[in-house]
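Q: Dropping the structure in here first, questions after.
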Amino acid sequence: MDDDAVKAAMQTLAESGRKYVPESDLIGAKKSLEAQVADIQAQLATARADLDAKHQALLSEAAAREKAEATVAESSKLGEKVKELEKKLSEATTGRDQLQQQMVGLKRLQVAQLAKELGNEIPADQLVAKTEQQLDSLLEALKFVKPGAKPGFDGGAGGAGGEVPTSGRALIKAGLKAAGR
C-alpha cells in the first residue's frame, strides 16, 4: 500500500506540474540556508555595531558644535560688553580731562587774583604756560606773602623786608643789629 500511495502522490504531483524533491535534498538546502542566514545575521550585527558607533560619534560632534556655538554667542556678548565699557571709559576720560582743564583754569584765575590782592599783577600769558603743579606751588608761595610787603633783606629775623644793604659793612651792621648786639 505504501507503494500505491507513493505512486498516486507522484501521479498527482506530476499532473499539477510540480516536481518531487527528496527530503535529504530539502534538509541539505535548509542547512545551507541556515548557514547563510547565520552569516547575514553576523554581518547585520557588525553593521549595527558600526552604525551605533557612527551614531554616537555624530551625537558627540553635534554636542561639541552646540557647545562651540554657545561659546561663540557668549564671546560675542562679551565683545559687545567690552565695546560698551570702552565707550564709557572714553567718555569718562574725556570728562576727566575737561574737568582737569577747568581746574587748571580756576587755579590760574586764583593765582592771578591772589597776586593782584597782594599788589602784584601777573600777566595771563605767563600763567598759561604753567603746569598744574607749578600753579599749586605759586598758590602756596602767595599764601605766605603779606599784603603790602616789599621784598628785601630782613636781617634773618623772618619779618617784612626793607632795604637790602649793598655794602659789606652795612650787611655786617644789619646782621649785628638783628642779633641784638
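Q: From GLN11, GLN41, GLN36, GLN100, which residue is in contact with a helix residue (DSSP H, G or I) (Cβ under 9 Å, 6 or more places away or on another chain) and of a type outside the set (Val, Ile, Thr)?
A: After ruling out the rest, the residue left standing is GLN100.
Q: Moving on to the next point. State whether one or more residues within the range 85-103 are in contact with an Asp or Glu (Cβ under 8 Å, 6 or more places away or on another chain), within 30 Å of ASP136 (Cβ to Cβ) and basic (Lys, Arg).
A: No: the range 85-103 contains no residue that is in contact with an Asp or Glu (Cβ under 8 Å, 6 or more places away or on another chain), within 30 Å of ASP136 (Cβ to Cβ) and basic (Lys, Arg).
Q: Can you give me the ranges of the helices (runs of 4 or more DSSP H) entirely in the range 80-181 with at least 2 residues that are at pLDDT 85 or above and acidic (Asp, Glu)?
A: In the range 80-181, 132-143 are the helices (runs of 4 or more DSSP H) which contain 2 or more residues that are at pLDDT 85 or above and acidic (Asp, Glu).
Q: Let me ask something else about it. Does ALA38 count as within 45 Å of the chain's Cα centre (by Cα), in a helix (DSSP H, G or I) and surrounded by 10 or more Cβ atoms within 10 Å (Cβ to Cβ)?
A: Judged against the criteria, ALA38 is not a match.
The values are calculated or read from the model by the stated rules, or taken from the named source; none is laboratory data. All values reported here derive from a predicted model rather than from experimental measurement. Don't worry about glycine lacking a Cβ; one is built from the backbone with ideal geometry, like all the others, and counts go over all protein chains shown.
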